[in-house]
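Structure first, commentary second.
The values are calculated or read from the model by the stated rules, or taken from the named source; none is laboratory data. Model, not experiment: these values are computed from the prediction. Here the Cβ is made from the backbone with ideal geometry for all residues, glycine too, and neighbour counts use every protein chain on show.
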Amino acid sequence: MKRIFGRTKSLRPLDTHYCSGCGHGVVHRLLAEAIDELNIRGITIGVTPVGCAVVAYDYWDFDCVESAHGRGLAVATAIKRLQPEKVVFTYQGDGDLAAIGTAETIHAANRGENLTVVFINNAVYGMTGGQMAPTTLIGQKSATSPLGRNEKTEGYPLRISELLAQLQGVYSVERTAVDSVYGILKTKNAIKTAFQNQMENKGFSLVEVLSACPTYWDMSAFESLDWIKNKMSKVFPLGRIK
Amino acid sequence: MNREQRTEDRGEKVLLSGNEAVAKSAIDAGCRFYAGYPITPQNELIGYMAKNMASSGGIFIQSESELSAINMVFGASASGVRAMTSSSSPGISLMQEGISYIAGAELPAVIVNIMRAGPGLGNIWPAQSDYFQAVKSGGHGDYHCIVLAPSSVQEAYALTFEAFVLADKYRIPVIILGDAMLGQMMEPLSVHSQEFIVHSKKLRTKSWAATGCKDRKPNVVKSFYLNLGDLEKFNLKLQRKYKNIQQKEQRYEELNINDARIILVAYGTMARLAKQAMVSLREKGLKVGLIRPINLWPFPQKIFQRLAISDKRLAFLVIEMSYGQMLEDVKLAVNGQQRVEFLGRSGGGIPTEEEIIKSSLSLLSS
Ligand SMILES: Cc1ncc(C[n+]2csc(CCOP(=O)(O)OP(=O)(O)O)c2C)c(N)n1
């Protein structure tokens with residue numbers, strides 16, 4: 001019988017540790033599929049974050065380097081500069097990329113490093129127990145904003161993708177959401193394009209993915225998808241930013 | 001005694017500052033990645049790298065911070081390339097998390113600290129007050145760095161070269177611990193001739209590096225061991241490695257210790273002043289010797305242990321540009337069996353030859 005669908009080679013046949021309804025597992029698969037469709041598994045080096053996705057290298061079947069919290073783009077910069085013929089990406093959460101690692105993110109982007117960035121925005125710190133992230137929405141309750149984020153004291157959700165798009169060194173920035181079949185397909189395309197950009201030496205390409213965290217949003221998986229659609233993507237509009 | 005001194009060849013003589021000698025040595029040793037952030041008194045080092053790394057086929061990056069620099073070194077080393085960063089005290093403080101990650105991932109790397117005086121912003125004068133941070137390991141976790149302390153520009157060149165060999169051999173971060181005086185002073189030195197220079201392409205490839213899994217199983221460079229028991233097992237492996245290094249890599253220079261009643265103990269540039277004082281005291285007919293630790297970690301315990309149990313009554317005078325940091329390691333090695341005294345200044349103050357002589361004389365008469 002002709003095989004028409006299966007698990008892609010770059011994704012190991014394992015159960016993940018992610019909570020039900022979490023977007024990380026979906027995006028892991030999309031990344032692996034994009035890599036296999038581009039036939040770059042043997043030359044790919046992934047840089048994993050500190051966050052819920054720290055052990056993504058257990059699920060992916062290609063070379064990976066674990067970075068300290070927020071330093072993914074410093075680590076990736078060196079790897080890519082020394083191995084320009086390889087395909088190097090970072091996979092980072094919103095705390096990792098947009099709080100503790102803001103300086104590394106902005107400066108790697110500004111240097112126009114020829115890298116691919118997959119940025120998972122789930123509006124909370126998942127790994128440490130649902131604390132407020134730079135991307136937490138106004139009014140959203142979290143472990144460290146128990147009354148809801150108050151812009152007067154905690155500031156506004158940080159649209160770091162729009163901020164990065166201002167930089168001359170940045171080639172492309174796109175925001176997608178894994179909140180529907182359509183969104184998932186769109187995300188995969190965006191990731192694939194971001195890899196192709198790198199292979200064509202076009203420079204820094206970032207894909208921000210709005211991704212559910214039902215556990216720390218205190219919602220069911222389905223409610224989470226609705227929340228992305230109705231709330232989160234109002235603050236973080238989807239589409240090509242640059 | 002020092003492997004590098006034995007391999008001294010007939011290379012050309014040059015005049016360089018300590019900072020430049022470290023940078024040149026790194027390139028000669030096959031270092032092909034450098035990232036750093038400017039800070040006095042090591043700016044000649046980053047300047048030399050900016051000028052010479054690209055023409056040597058390597059990568060130079062002025063990073064946005066020392067945090068970024070050390071993590072770039074992490075990535076470079078994970079790529080299997082000899083990599084280095086340098087800074088001075090406050091910048092090295094910022095790097096501590098990264099150094100711990102490098103130790104945890106068992107990556108080779110060379111980190112240069114041209115010490116200035118602290119705490120805080122302190123000042124830019126010479127100091128040795130980062131000894132604890134380097135030797136006891138300033139980051140989190142049970143780890144060690146090999147720490148080498150050159151006392152001349154020639155030795156800075158030799159030990160930096162050696163640092164890359166040790167880093168690769170043991171897969172360990174190696175710290176070159178110098179001070180503002182060493183970094184800034186210029187001295188003539190002989191550098192390796194072409195045949196001794198390392199060609200990075202000819203270095204053995206590192207089977208564990210992240211280079212793409214084309215012809216092998218995937219590699220992962222990491223320091224995370226979530227499952228209970230796994231980290232303990234890994235840490236015990238690290239401890240065995242450290243034991244082995246402690247056995248094999250204790251290095252020091254000794255002068256006139258056989259008949260000595262007082263042994264001066266100093267490292268780095270401080271040892272040069274101590275040596276001067278020793279010569280003056282010997283001229284007066286006084287039995288004074290010197291031990292100069294070259295490796296600060298592993299600390300050269302064996303020589304102190306041997307002297308500690310001799311029948312003769314001895315006194316050690318530890319001299320530092322700090323308020324007594326290496327002093328603790330000397331005391332540990334001597335273990336209360338002989339007298340250990342201390343002379344130190346910090347904040348930019350340097351114990352003078354006269355002060356050393358005075359302290360030695362009062363020790364001899366007490
Ligand atoms: C230096 C440092 N500070 C804090 C932590 C604790 N920590 C681990 S993950 C994390 C936040 C992760 O959040 P995010 O990047 O949004 O990823 P997510 O877990 O939501 O996927 C924090 C604060 C750490 N490991 N290292």
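Answer with yes or no whether residue A:102 is surrounded by fewer than 24 Cβ atoms within 10 Å (Cβ to Cβ) and in contact with a Pro (Cβ under 9 Å, 6 or more places away or on another chain).
Yes.
State whether the residues of the stretch A:205-226 include one that is more than 22 Å from residue A:70 (Cβ to Cβ), assigned to a strand (DSSP E or B) and polar (S, T, N, Q).
Looking only at the stretch A:205-226, we keep the residues that are more than 22 Å from residue A:70 (Cβ to Cβ), and these are A:212, A:214-215, A:217-226.
Narrowing the set further to residues that are assigned to a strand (DSSP E or B) leaves none.
Looking for residues that are more than 22 Å from residue A:70 (Cβ to Cβ), assigned to a strand (DSSP E or B) and polar (S, T, N, Q), one finds none in the stretch A:205-226, hence no.
Before we move on, is residue A:124 near the ligand (Cβ under 9 Å from one of its atoms), farther than 24 Å from residue B:33 by Cβ and within 7 Å of another protein chain (Cβ to nearest Cβ)?
Details: near the ligand (Cβ under 9 Å from one of its atoms): yes; farther than 24 Å from residue B:33 by Cβ: yes; within 7 Å of another protein chain (Cβ to nearest Cβ): no.
No; evaluated as a whole, the condition is false for this residue.
Take residue A:104 and decide whether it is assigned to a loop (DSSP other than H, G, I, E, B) and within 24 Å of residue B:81 (Cβ to Cβ).
Answer is no for this residue.
Any residue in the stretch A:182-200 that is away from chain B (no Cβ under 14 Å), within 15 Å of the ligand (Cβ to nearest atom) and either surrounded by 17 or more Cβ atoms within 10 Å (Cβ to Cβ) or among the β-branched types (Val, Ile, Thr) (or both)?
Looking through the stretch A:182-200, none of the residues is away from chain B (no Cβ under 14 Å), within 15 Å of the ligand (Cβ to nearest atom) and either surrounded by 17 or more Cβ atoms within 10 Å (Cβ to Cβ) or among the β-branched types (Val, Ile, Thr) (or both).
Mind checking which residues of the stretch B:239-260 are at negative phi and not in a helix (DSSP H, G or I)? First the steps, then the outcome.
So in the stretch B:239-260, the residues at negative phi come out as B:239-255, B:257-260.
Those that are at negative phi and not in a helix (DSSP H, G or I): B:249, B:250, B:251, B:252, B:253, B:254, B:255, B:257, B:258, B:259, B:260.
Could you run through the stretch A:177-204 and say how many residues are closer than 30 Å to residue A:128 by Cα and assigned to a loop (DSSP other than H, G, I, E, B)?
So the answer is 3.
Given B:294, B:309, B:303, which one is touching an Asp or Glu at 6+ places or on another chain (Cβ under 7 Å) and more than 21 Å from residue B:126 (Cα to Cα)?
Just a single option satisfies the conditions, and that option is B:303.
Could you say which residue among A:134, A:157 is within 11 Å of the ligand (Cβ to nearest atom) and in contact with a Leu (Cβ under 6 Å, 6 or more places away or on another chain)?
A:134
I need the full set of residues from the stretch A:31-48 which are within 18 Å of the chain's Cα centre (by Cα) and more than 16 Å from the ligand (Cβ to nearest atom), in order please. Step through it out loud before you land on a result.
First, pick out the residues of the stretch A:31-48 that are within 18 Å of the chain's Cα centre (by Cα): A:31-35, A:44-48.
Hits for the stretch A:31-48 are A:32, A:33, A:34, A:35, A:44, A:45.
Please find, among B:143, B:131, B:157, the residue that is in the same structural domain as residue B:22 (by TED's automatic domain parsing), surrounded by fewer than 24 Cβ atoms within 10 Å (Cβ to Cβ) and either under 12 Å from the mean Cα position of the chain (by Cα) or touching a residue at least 24 places away in the same chain (Cβ under 8 Å) (or both).
Only one candidate qualifies: B:143.
For the stretch B:282-316, which positions are surrounded by 24 or more Cβ atoms within 10 Å (Cβ to Cβ) and over 22 Å from the mean Cα position of the chain (by Cα)?
Passing the criteria: B:288, B:316.
Which one is surrounded by the fewest Cβ atoms within 10 Å (Cβ to Cβ), of the residues in the stretch A:73-99 that are in a strand (DSSP E or B) and more than 10 Å from the ligand (Cβ to nearest atom)?
Taking the stretch A:73-99 first, the residues in a strand (DSSP E or B) are A:87-93.
Retained after the next criterion (residues that are more than 10 Å from the ligand (Cβ to nearest atom)): A:87-90.
On the way: A:87: 24, A:88: 30, A:89: 27, A:90: 30.
Ranking the qualifying residues of the stretch A:73-99, first place goes to A:87.
Pick from A:116, A:102: which is away from the ligand (no atom under 14 Å from the Cβ) and within 25 Å of residue B:70 (Cα to Cα)?
A:116
Condition test on residue B:65, is it surrounded by 24 or more Cβ atoms within 10 Å (Cβ to Cβ) and at pLDDT 95 or above?
no
Scan the stretch B:195-210 and give yes if some residue there is in contact with a His (Cβ under 8 Å, 6 or more places away or on another chain) and away from chain A (no Cβ under 14 Å), otherwise no.
No, there is no match, as no residue in the stretch B:195-210 is in contact with a His (Cβ under 8 Å, 6 or more places away or on another chain) and away from chain A (no Cβ under 14 Å).
Taking only pairs six or more apart or across chains, which ones have beta-carbon atoms under 6 Å, a first residue in the stretch B:309-324 that is within 17 Å of residue B:338 (Cβ to Cβ), and a second residue that is part of a loop (DSSP other than H, G, I, E, B)?
B:314/B:338; B:319/B:266; B:319/B:351
Just to check your reading of the model, which residue among A:112, A:42, A:70 is within 9 Å of chain B (Cβ to nearest Cβ) and assigned to a loop (DSSP other than H, G, I, E, B)? Walk me through it before giving the result.
Values: A:112 fails: within 9 Å of chain B (Cβ to nearest Cβ); A:42 fails: assigned to a loop (DSSP other than H, G, I, E, B).
Within the list A:112, A:42, A:70, the selection yields A:70.
Hey, any hits in the stretch B:334-348 for a residue that's part of a helix (DSSP H, G or I), touching a residue at least 12 places away in the same chain (Cβ under 8 Å) and closer than 30 Å to residue B:172 by Cβ?
Checked against the condition, which is being part of a helix (DSSP H, G or I), touching a residue at least 12 places away in the same chain (Cβ under 8 Å) and closer than 30 Å to residue B:172 by Cβ, the stretch B:334-348 yields at least one hit.
Which residues, taken from the stretch A:1-25, are away from the ligand (no atom under 13 Å from the Cβ) and touching a residue at least 60 places away in the same chain (Cβ under 8 Å)?
Correct list: A:20, A:21.
Condition first: assigned to a helix (DSSP H, G or I), facing chain B (nearest Cβ under 7 Å) and free of Cβ contacts under 8 Å to residues at least 40 places away in the same chain. Can you find one or more residues in the stretch A:30-38 that meet it?
No: the stretch A:30-38 contains no residue that is assigned to a helix (DSSP H, G or I), facing chain B (nearest Cβ under 7 Å) and free of Cβ contacts under 8 Å to residues at least 40 places away in the same chain.
Assess whether residue A:129 counts as being away from every other protein chain (no Cβ under 14 Å), assigned to a helix (DSSP H, G or I) and farther than 16 Å from residue A:198 by Cα.
It is false that residue A:129 is away from every other protein chain (no Cβ under 14 Å), assigned to a helix (DSSP H, G or I) and farther than 16 Å from residue A:198 by Cα.
Only one of these is of a type in the set (Phe, Trp, Tyr) and modelled with pLDDT under 95: A:5, A:62, A:89. Name it. Outline the logic, then answer.
Working: A:62 fails: modelled with pLDDT under 95; A:89 fails: modelled with pLDDT under 95.
Within the list A:5, A:62, A:89, the selection yields A:5.
Of all residues in the stretch B:211-238, count the ones that are closer than 18 Å to residue B:169 by Cα and either part of a loop (DSSP other than H, G, I, E, B) or touching a strand residue (DSSP E or B) at 6+ places or on another chain (Cβ under 8 Å) (or both).
Total satisfying the criteria: 1.
Return the residues of the stretch A:49-65 that are within 8 Å of chain B (Cβ to nearest Cβ) and either within 11 Å of the ligand (Cβ to nearest atom) or not in a strand (DSSP E or B) (or both); say none if nothing qualifies.
A:54, A:55, A:57, A:61, A:62
How about the stretch B:216-238: which of its residues are in contact (Cβ under 8 Å) with a residue 40 or more places away in the chain and either away from every other protein chain (no Cβ under 14 Å) or hydroxyl-bearing (Ser, Thr, Tyr) (or both)?
Matches in the stretch B:216-238: B:223, B:235, B:238.
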